[in-house]
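First up is the structure itself, then whatever we jot down about it.
The values are calculated or read from the model by the stated rules, or taken from the named source; none is laboratory data. Since the model is a prediction, treat every value here as computed from it, not as a measurement. Don't worry about glycine lacking a Cβ; one is built from the backbone with ideal geometry, like all the others, and counts go over all protein chains shown. Side chains included, ligands, DNA and RNA excluded: accessible areas come from the protein's heavy atoms. Shrake-Rupley method; radii C 1.70, N 1.55, O 1.52, S 1.80 Å.
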Amino acid sequence: MHYNGEHLLPGQLGHFLVILSLASSLVATIGFFKANKTNNSFEKNTWLKYARISFLIETISIFSVFGILYFLVANHYHEYFFAWNHSSRSLQPKYLLACIWEDQSGSFLLWSMWHCVLGWIIIWKQKKWEAPVLTVVNFAQFCLATMLLGIYVFGVRIGNEPFILWRQHMPDLPLFTNPDYLQLPRVFEGNDLNTLLQNYWMVIHPPILFLGFASTVIPFAFAYAGLANKDHSWVKTSIPWTGFSAAVLGTGIMMGAAWAYESLSFGGYWAWDPVENASLVPWLTLIAGLHTNLIYKSSGYSLKSTYFFYIISFVLVLYSTFLTRSGVLGDTSVHAFTIDDKHVVAFYTQLISFILLFFIPAMWLFFKNYKTIPTIKKEENSYSREFWMFIGSMVFFLSAIVIIFKTSTPVFNKVFGTNIAPPEDPEFAYNQIQIFVAIVIGVLTATTQYLRYKQTPKNVFVKKIIYPTVIALAISIAISVFGDINFTKKGIGFLGAIHIAIFAAVYAVVANAGYIWLVLKGKIKAAGASVAHIGFGLVLVGILISSSKKAVLSWNTTGIAMFKQEKNENPAENITLFKGIATDMGKYMVTYTKDTFNEKERKRFYEIHFENKQTKDTFNLYPDIIKNNKGMEGFSANPSSKHYWNKDIFVYISSFQQNKQDDTTHFENHEIKVGDTVFYSKGFIILNKVDINPATKKEKYAPDEAALFLNMEVVAKDGRRYAVAPGIAIKNNQVREMPDSVISQSLVLKFNKVINGDAGKLEVGVKESSAITDLVTLKVYEFPMINVLWIGIVIMVIGFVMSIRQRNRKSALTAS
């Protein structure tokens, strides 16, 4: 059958280029491997020439594949399953790039592109190490290229081809009996990009994160070069590369945290999600390796540890790839990929093979050469910098082990047939351990730089460290006391650990700032490590304060619950707002003023007006909802935040109900006494009594307010009865209304005033309107000092960049 409107040439060209990249990466791997093994300069140069040409072909192929994929997506060539499944004609152009890395093959392609960029920098800058390092990089490229093949070998599919036609991918669909299937509405429009990814962070976060993942192959490759060539001089060259990798990977991880904070509704930036953990663990071991690398360069200790940490960091990147792409975390993470059950075994095998092809040879070389790796048999002095840097590296490593073992629970259950249940409180399961990691690392970050390599006189160390210690202690006590750090949910022991951790984090900031002033004499150009440590300390301070003082503001004072108690949502922590009615929410009066549907964004934005009851400061927030796609029901909520210098007010929609009719009704005022009846269209209302300052309503009024509530009963025509209690609160002759409602009766009641207290005459307002069913339920948090976290991340990255420049400058001076 001839299908009308199909564009076959781009896909054929793309598939050819994928195969070409596979072949050229294999040739380049062999070429660089041979060049590394030969001592004959002519042979070496010949092999290098062939390898570089192959690497150039590989690079052109990979970037061309990416260009063709983008072309297919941007032009909505929905005959290709990739283009149809990840984009739509109504999708905004700014999200088109995100369509590519939504797919498994697209993200592998992004990873491969970064390998090409890094490889050419190695060729340009590191001639001595070009051959062995590029051997590893190109073999990694070969493995990644297999992920894009989509060919069958003995009935087993190898990889996932991005250029497969939809009718080839699902040939049994009835729609392909139609030669004009491309004009069918569902096909023509496209399947769209996942709603969670329709965010600007998902355009910039994955490229940075995958550059971080890709860059971990460089320290691994240097370690391979040292073991294969029995030449350990690579450790000086590798330091800037490892610093770069740690900086970029860390930035990518925290960009993901920023995305979660702005786009997800779990109320924060980190939830110990398995995919978050899988990216964090390689960073922890990479940081451990960077510090042992520095130890060896300056003291001769810890070379074996450096080899191990660099090997395991890249292997953990590959393992995190297995965790996030195999579908094993599909039920435990919102970030994880899912895969077709028909090909799950083949894909499992391919991913596990990817891990083992790097892990087994690297560890074999490591243990084969273990005894010949230079080491100093004399133990380090406990008053030396290298001793405590090594302790810090081991703490990072142990932290990584704990996290990866907890994260791998679904893997253990699948492999061993166990049924290990996740903890009831997953976040606390991690926090109760990592809080002590933060304490140890904070203290070591503060003190270690004041020690010299080899040995430091005790009196010299104490003299330098005493002032930062006293200052940090004073600041941390002030934060604990005046900052009202009183997180008692998990017991007094955990609260005590938080206070100690705050001291450790402040200590890291103060001591490293002091080091720049006292030891480096203000020479900021030489202070890259200290600046990075200051940033890290600020990150810890921001995490500890914002998490321990995170407060729910949206306590349900209306008594209206739009949903039942769920695992992730508690109705008591969500307040329901009726459109146009100001509602008391603790510190704020909040009003759902309006909502608008943005056709371009395909989101409904809700305008929520906040007024601080004390300062009268007002602001509007605009949380939104977007209809889920990809077979998911319901809506996804995107939060909105008001940023102050010392806090964020964070809000998202947890439930909504909409009525499209215009509200033209008004309150009708009725004079009423106890025992009287007021009629409305669907029944009548009885005033039973007036409650003055009732204890059962004390959450609705302040201690210094006088409160009156009307104890009323609504009786509907069908016999159903509803308790309702509109009220007023009085303070300094100012009256605050507290209306109440019966949603099922489209009824709102408010207590207007006391007409005659002696006669017991009151005035009540009654409003009947179907428009009152326009309502939203909100979850509102306050995050104190969260900006300290974001500032700390920026400063830490700046410190990494300063350190890289400092190392490169020293290398250039040494070379000249």
Looking at this structure, is R89 within 30 Å of G5 (Cβ to Cβ) and surrounded by fewer than 24 Cβ atoms within 10 Å (Cβ to Cβ)? yes
If you go through the stretch 371-398 one residue at a time, how many are out of contact with any helix residue (DSSP H, G or I) (no Cβ under 7 Å at 6 or more places or on another chain) and either surrounded by 15 or more Cβ atoms within 10 Å (Cβ to Cβ) or not in a loop (DSSP other than H, G, I, E, B) (or both)? 6
Among the strands (runs of 3 or more DSSP E) confined wholly to the stretch 732-814, which include 3 or more residues that are modelled with pLDDT of 90 or more and over 30 Å from S681 (Cβ atoms)? 775-784
Checklist (1) under 21 Å from L13 (Cα atoms); (2) out of contact with any Cys (no Cβ under 7 Å at 6 or more places or on another chain); (3) not basic (K, R) applied to S88, failing item: (1)
Say we look at the stretch 276-306 and pick out the residues that are under 23 Å from H232 (Cα atoms) and among the aliphatic types (A, V, I, L, M); which of these is most open to solvent (accessible area, probe 1.4 Å)? L294
Any idea which of (1) touching a residue at least 24 places away in the same chain (Cβ under 8 Å); (2) over 15 Å from F142 (Cα atoms) is the one I62 doesn't satisfy? (2)
Determine whether the stretch 92-100 contains at least one residue that is closer than 24 Å to I53 by Cβ, open to solvent by 20 Å² or more (accessible area, probe 1.4 Å) and assigned to a helix (DSSP H, G or I). no
Would you be able to tell me the number of residues in the stretch 76-104 that are without any contact (Cβ under 8 Å) to a residue 60 or more places away in the chain and more than 21 Å from L173 (Cβ to Cβ)? 3
Given the options K594, K579, K587, name the one that is within 27 Å of K564 (Cα to Cα), in contact (Cβ under 8 Å) with a residue 60 or more places away in the chain and open to solvent by 20 Å² or more (accessible area, probe 1.4 Å). K579
Scan the stretch 733-740 and tell me whether some residue there is over 26 Å from T665 (Cα atoms) and either touching a strand residue (DSSP E or B) at 6+ places or on another chain (Cβ under 9 Å) or exposed (fewer than 15 other Cβ atoms within 10 Å of the Cβ) (or both). yes
Take the conditions modelled with pLDDT under 95, over 24 Å from I287 (Cα atoms) and open to solvent by 70 Å² or more (accessible area, probe 1.4 Å) and apply them to T488. Does it pass? yes
Report, by residue number, each residue of the stretch 146-158 that is farther than 20 Å from L72 by Cα and open to solvent by less than 60 Å² (accessible area, probe 1.4 Å). T146, R157, I158
Log entry, pairs with first residue in the stretch 661-675 being more than 17 Å from N711 (Cα to Cα) and open to solvent by 90 Å² or more (accessible area, probe 1.4 Å), second being at pLDDT 85 or above and among the basic types (K, R), beta carbons closer than 7 Å, six or more apart or on different chains, reads H666/K767
For a quick check of your reading of the model, give me the residue pairs whose first member lies in the stretch 545-557 and is farther than 18 Å from F578 by Cα, whose second is hydrophobic (A, V, I, L, M, F, W, C), with beta-carbon atoms closer than 6 Å and at least 6 apart or on different chains. I545/M785; S546/F783; S546/M785; S546/I786; S548/I485; S548/F487; S548/I498; K550/F783
List pairs: first in the stretch 459-485 and open to solvent by less than 90 Å² (accessible area, probe 1.4 Å), second charged (D, E, K, R), Cβ under 9 Å, 6+ apart or cross-chain? V460/R452; F461/R452; G483/K549; I485/K549
If you go through the stretch 367-380 one residue at a time, do you hit one that is touching an Asp or Glu at 6+ places or on another chain (Cβ under 6 Å) and touching a residue at least 24 places away in the same chain (Cβ under 8 Å)? yes
